[in-house]
1. Roughly speaking, to the nearest percent, how much of the chain's 1.4 Å accessible area is carbon and sulfur?
2. Can you give the % of DSSP beta bridges in region 1-137 that are antiparallel, to the nearest 5?
3. Could you compute how much accessible surface D153 exposes when probed at 1.4 Å, giving the result in Å² to the nearest 10?
4. Using a 1.4 angstrom probe with every protein chain in place, what is the largest-first accessible-area order of W89, W181?
5. Could you calculate the contour length gain from A21 to R160, that is, 0.36 nm times the residue separation minus the distance between their Cα atoms, to one decimal place in nm?
6. With Cβ to Cβ distances under 13 Å as the rule, what net charge do the other residues near L33 carry (K, R +1; D, E -1)?
7. Using a 1.4 Å probe on the protein heavy atoms only, what accessible surface does K87 show? Give it in Å² to the nearest 10.
8. Using alpha-carbon positions, what is the distance between the centroids of region 32-50 and region 124-198, in Å?
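The values are calculated or read from the model by the stated rules, or taken from the named source; none is laboratory data. Quick caveat, the model's predicted, so the values are computed rather than measured. Quick reminder, even Gly has a Cβ in these numbers, built from the backbone with ideal geometry, and neighbours come from all protein chains shown. To get the accessible areas, we keep the full protein, side chains included, count just its heavy atoms, and leave off ligands, DNA and RNA. Shrake-Rupley method; radii C 1.70, N 1.55, O 1.52, S 1.80 Å.
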Amino acid sequence: MVQPYKHEPFTNFKEDDNREAYLKGLQTVESYLGQDYDLLIGGERVSTEDKIVSINPSNKEEIVGRVSKANREHAEKAMQAAVEAFKTWRKVKPETRADVLFKAAAIIRRRKHEFSALLAKEAGKPWNEADADTAEAIDFLEYYARQVLRIKDGVPVNSRPNEYNRYDYIPLGVGIIISPWNFPLAIMAGTTVAAIVA
């Protein structure tokens, strides 16, 4: 049974245990700074010569990571892979799609301080702001998973005698999300997972 929705609590950094947990998350992030990250297209890793270099805005000497830069051909290949995946994903039961979001929320919740520490390194966010960004991403996952469960059977509508009217929601297709920089985890999650689960 799905528990009622509630907001992910913010971390109280006045408590020693929370500060220590966050510092541990920061150490985890520092252990993998400077790595290269491939594109992932149709389950295949693609490395390109051209990279987007992410630099810590609070320490210009620190490279957070280098991401392979996609060109038009990569984008087209990714879109076609998504169109192909949509053929089967659209048939997946809403409960299963919601469960994907619930599991993702659980993973982020378990690694909350690591995600927040990465936001601090990549976006220069203070601890409280990074924590709030991560909490909001968890909220979006939890919220939209519950929303698809709520609307999965459509909406009741009135029918006249000898009529049968229905109001159903159906998956429509592939989309693209270009999220802003100021809430790199929360807004990306909020705009992406609603489309994925629906």
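1. On the way: 7380 of 13420 Å².
It is 55 percent, rounded to a whole number.
2. Working: 8 of 11 bridges.
Given both bridge residues lie in region 1-137, the antiparallel proportion sits at roughly 75 percent.
3. Only protein atoms counted, so the area is about 120 Å².
4. Numbers: W89 80, W181 205 Å².
The most accessible residue leads, giving W181, W89.
5. Numbers: separation 139, 0.36 × 139 = 50.04 nm, distance 6.06 nm.
Length difference between fully extended and current span is 44.0 nm.
6. On the way: positive: R66, K121; negative: E30, D36, E61, E62, E114, E122.
Here the count lands on -4.
7. Per-residue accessible area (K87): approximately 110 Å².
8. When both Cα centres are located, 27 Å separates them.
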